[in-house]
Amino acid sequence: MSGDFQAPKGVSEYFPPRSGIFEKVVRKLEHVSLAANYHLIELPVFEDTELFTRGVGESTDVVSKEMYTFEDRGGRSLTLRPEGTAGVIRSIIEHGLDRGQLPVKLYYRGPFFRAERPQAGRYRQFYQFGIEAVGLDDPFLDAEVISIAYRGFSSLGLKNFELQITSLGDDESRGKHRVEFLKFLSNLDLDGETLDRVKKNPLRIFDDKRAEIQAKIKDAPVLLDFLTSDSSMKFEAVKGALEELEIPFVVNSRMVRGLDYYTGTAFEFVHKGLGAQASIGGGGRYDGLMKTLGGQDLSGIGFGLGIDRIILALETEGLVDTSNENSKGVDEYLDLFIVPIGDSAKLRAISLIEMVRKTGFVADMGFGDRSLKGAMKAADKLNARHVLVLGDAELQSGQGRLKRMADGNEVSITLDSLAASLKNAV
RNA sequence: GUGGGCGUAGCUCAGCUGGUAGAGCACCCGGUUGUGGUCCGGGAUGUCGCGGGUUCGAGCCCCGUCGCUCACCCCA
């Protein structure tokens, strides 16, 4: 480590060549979303604090202890967004996006913030890609949302993951279950900390990683068994649609979601190659959120995918070339690299380069005062497909030789028609 | 907030039971006049995280501190 400064604790940074993977992941996810008619919504990274306390739920860990909250100069309490859905819903309400055709289909991506203790795959600033379909309560829309995430993962080449789904039911389903569940828990001998958690959200106990706790709740009543017929039918419809789409899934009746607004369908994509933070994406339906935030009483469904974790997953599956730091071997390349000899050559080179770039080629040139050999080496490292050496002879004659790096062949070209020659060569 | 591991060149790391630092990769130059990938030769690079202590002497021991990392909690 060197220099006087270090990045703040727990943030991830992406620089070349790894940043290329980041771009690729985002592009693929955008592609599958656009293909399903979801469009970009770009939102602020900070919002009124109350948007999250009210929307996400004060009892959640996210809100109660993981928010980056600060006061602006006007004394307003603002918070760096810890998740994406609340902001999307806020914007929909604020701008009346829900007054036209429903559902409103949107996707977003960008940084999110949670003040947690960092860990493998868990960062204080992390990146998410998410979509929301708002305004209709249709189980087939649930299936569509899930399928988009699934297609996204598949198109990236991921294999070692599992889709888990469940239904959290409606208020009535949950009320009935809660009574039985609390009755069951009251017969258990639990420590204080665990009791606290149970008080906030009884279901959370399913997520406890301690074996002795898991043993105690082995026979606990499960929410799925308490679904009302309406909730149950919707859940069956979602499963049926997933089967129709040939998307494999497992029902996990003990799945727990960290945000309070979820109702009905809930799902999570779990990768098997990651550490303790195995979830690469998750989401679900939220019935009451929009109304809670002051909008119409409309239901919505969406997901959030962790880009950082997807990248980790890709790497553990060997889908990313991390063999060395230089850019050779990855799909980055230059169409042309010009090696100028002397300042007058540089002057000509810089305009030639620009001309070539305008026609859509990727081009670079040797800067500084490197030896010819050094510049050629640089061209090779940068994975240049063609190289043009530009010296006094070329400047005077207006002719040059375009070298194809793959086999060393050279063709004569005139400098003025460099772009055209390159087009022929490629 | 709690616990474990680790902090040595840009990167990955070595450094034996304490004697004032090394390797590989990367980087730069060169191997006869203007042409890369292999090979060969040469070169630069570190307040050994920071502060204190023990010692004739510490990268190696002790204390503190900061940071990183993994795990718990929780989540993407």
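The values are calculated or read from the model by the stated rules, or taken from the named source; none is laboratory data. What you see is a predicted model, and the numbers here were worked out from it, not measured in a lab. Heads up, the Cβs are rebuilt from the backbone with ideal geometry, glycines too, and the neighbour counts pull from every protein chain shown. Keep in mind that these areas ignore ligands, DNA and RNA; they rest on the heavy atoms of the full protein, side chains included. Shrake-Rupley method; radii C 1.70, N 1.55, O 1.52, S 1.80 Å.
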(message) Exactly one condition in (1) closer than 25 Å to A:SER421 by Cβ; (2) modelled with pLDDT of 85 or more; (3) open to solvent by 70 Å² or more (accessible area, probe 1.4 Å) is false for A:ALA345; which is it?
(response) (3)
(message) Going through A:GLY175, A:GLY130, A:GLY169, A:GLY152 one at a time, which residue ends up being out of contact with any Pro (no Cβ under 7 Å at 6 or more places or on another chain), in a loop (DSSP other than H, G, I, E, B) and either within 14 Å of RNA strand B (Cβ to nearest atom) or of a type outside the set (Lys, Arg) (or both)?
(response) A:GLY169
(message) Only one of A:PRO118, A:PRO82, A:PRO111 is within 16 Å of RNA strand B (Cβ to nearest atom) and either open to solvent by 40 Å² or more (accessible area, probe 1.4 Å) or not assigned by TED's automatic domain parsing to the domain that holds A:VAL32 (or both). Can you tell me which?
(response) A:PRO118
(message) Only one of A:ASP219, A:ASP230 is out of contact with any strand residue (DSSP E or B) (no Cβ under 9 Å at 6 or more places or on another chain), away from RNA strand B (no atom under 14 Å from the Cβ), in a helix (DSSP H, G or I) and of a type outside the set (Gly, Ala, Ser). Can you tell me which?
(response) A:ASP230
(message) Within region A:256-266, does at least one residue satisfy the condition of being among the hydroxyl-bearing types (Ser, Thr, Tyr), open to solvent by less than 30 Å² (accessible area, probe 1.4 Å), more than 21 Å from A:PRO103 (Cα to Cα) and touching a helix residue (DSSP H, G or I) at 6+ places or on another chain (Cβ under 6 Å)?
(response) no
(message) Going through A:ALA419, A:ALA384, A:ALA363 one at a time, which residue ends up being within 14 Å of RNA strand B (Cβ to nearest atom) and either within 38 Å of the chain's Cα centre (by Cα) or not assigned by TED's automatic domain parsing to the domain that holds A:ILE338 (or both)?
(response) A:ALA384
(message) Taking the criterion of being near RNA strand B (Cβ under 8 Å from one of its atoms), open to solvent by 50 Å² or more (accessible area, probe 1.4 Å) and within 11 Å of A:LEU336 (Cα to Cα), would at least one residue in region A:395-404 satisfy it?
(response) yes
(message) Against the condition closer than 19 Å to A:ARG309 by Cβ and open to solvent by 90 Å² or more (accessible area, probe 1.4 Å), how does A:LYS28 come out, does it pass?
(response) no
(message) Can you say whether A:ALA149 is in the same structural domain as A:GLY295 (by TED's automatic domain parsing), small (Gly, Ala, Ser) and surrounded by fewer than 20 Cβ atoms within 10 Å (Cβ to Cβ), as far as the supplied structure shows?
(response) no
(message) Consider region A:152-183. How many of its residues are open to solvent by 40 Å² or more (accessible area, probe 1.4 Å), within 19 Å of A:GLU268 (Cβ to Cβ) and small (Gly, Ala, Ser)?
(response) 1
(request) Given the conditions (1) in contact with a Lys or Arg (Cβ under 7 Å, 6 or more places away or on another chain); (2) farther than 16 Å from A:ILE301 by Cβ, report the number of the one that A:ILE217 does not fulfil. (result) (1)
(request) Evaluate the following for A:GLY240: is it surrounded by fewer than 17 Cβ atoms within 10 Å (Cβ to Cβ), more than 10 Å from RNA strand B (Cβ to nearest atom) and not in a loop (DSSP other than H, G, I, E, B)? (result) yes
